[in-house]
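Engineer: Let me begin by handing over the structure; questions about it come next.
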Amino acid sequence: MKKGQFFTLDAVIGLTILFVGVDIAYSAFIQEQVSQPTIHYAEDVMAILAKTRFRDMNTSLTTPEIRYLIEGGSIDRDKTVLAQIGEFYYRRSLSDDITRKESLKKNSEYIITATTRGAIPRVYGWEVKINDESIYLPQQGPLKANAKISIVTQQLSFGLLGQVPYGPYLVEVSVWG
């Protein structure tokens, strides 16, 4: 083998080793970035629940179930969605009737569905809990157990039912992806 060929082959082998080493070093530092929208979606849903009052809703655009609850007096139009969900939770805790409890939970689901429709893309999973009890878990997105990231926002729900105070209840919105 001639000197020129030896040095050329030596340089190619050296550069290959150098590029492989640099590639390994860079790949060790590359991590999947936390998705900023996940944080914003959790905060947005909590803001919708905490700030939306029923009197501000355009009832012609809501679901028939919400119109029925508003017209039937089951919903106080001056309350926020979060306060109304807290009231339904309180009424459930007072009731011994299983059917009544399920009806009140269903009412909470109707309200959350109507007010948060389209707020979270289907690629994310999410859930609403009160005092660690799941009250809303839409069938969308990945399973929570398979999630790479899970963000939780919390807020208290409390109010008056007539003259009787209820709460405070810890309401959590979890979003994962």
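The values are calculated or read from the model by the stated rules, or taken from the named source; none is laboratory data. Since the structure is predicted, the reported quantities are computational estimates derived from the model, not experimental observations. Neighbour counts run over all protein chains shown; Cβ positions are idealised from the backbone, glycine included.
Engineer: Can you find, within the range 51-98, the residue that is surrounded by the most Cβ atoms within 10 Å (Cβ to Cβ) among those that are among the small types (Gly, Ala, Ser) and more than 21 Å from PRO165 (Cβ to Cβ)?
Structural biologist: Only one residue fits best here, namely GLY72.
Engineer: Select from the range 117-163 the residues that are in contact with a Pro (Cβ under 9 Å, 6 or more places away or on another chain) and among the polar types (S, T, N, Q) and list them in ascending order.
Structural biologist: GLN140, SER157
Engineer: Please verify whether TYR136 is surrounded by 17 or more Cβ atoms within 10 Å (Cβ to Cβ), under 26 Å from THR38 (Cβ atoms) and not hydrophobic (A, V, I, L, M, F, W, C), treating the condition exactly as stated.
Structural biologist: yes
Engineer: Which of the residues spanning the range 30-50 are at pLDDT 60 or above and of a type in the set (Asp, Glu)?
Structural biologist: Listed by number, the residues that qualify are GLU43, ASP44.
Engineer: Is it the case that the range 103-115 has a residue that's of a type in the set (Phe, Trp, Tyr) and without any contact (Cβ under 8 Å) to a residue 40 or more places away in the chain?
Structural biologist: The answer is no; no qualifying residue exists.
Engineer: Another one. For the structure I just gave you, tell me whether SER108 is under 20 Å from LEU137 (Cβ atoms) and of a type in the set (Gly, Ala, Ser).
Structural biologist: Yes; evaluated as a whole, the condition is true for this residue.
Engineer: What are the pairs with Cβ atoms under 8 angstrom where one residue, in the range 131-151, is touching a residue at least 40 places away in the same chain (Cβ under 8 Å) and the other, located anywhere, is exposed (fewer than 11 other Cβ atoms within 10 Å of the Cβ) and not aliphatic (A, V, I, L, M)? Sequence gap at least six, or different chains.
Structural biologist: Within 8 Å, the pairs are LYS148/GLU32.
Engineer: Please state which one of LYS144, LYS148, LYS101, LYS129 is in contact with a helix residue (DSSP H, G or I) (Cβ under 7 Å, 6 or more places away or on another chain) and surrounded by fewer than 19 Cβ atoms within 10 Å (Cβ to Cβ).
Structural biologist: LYS101
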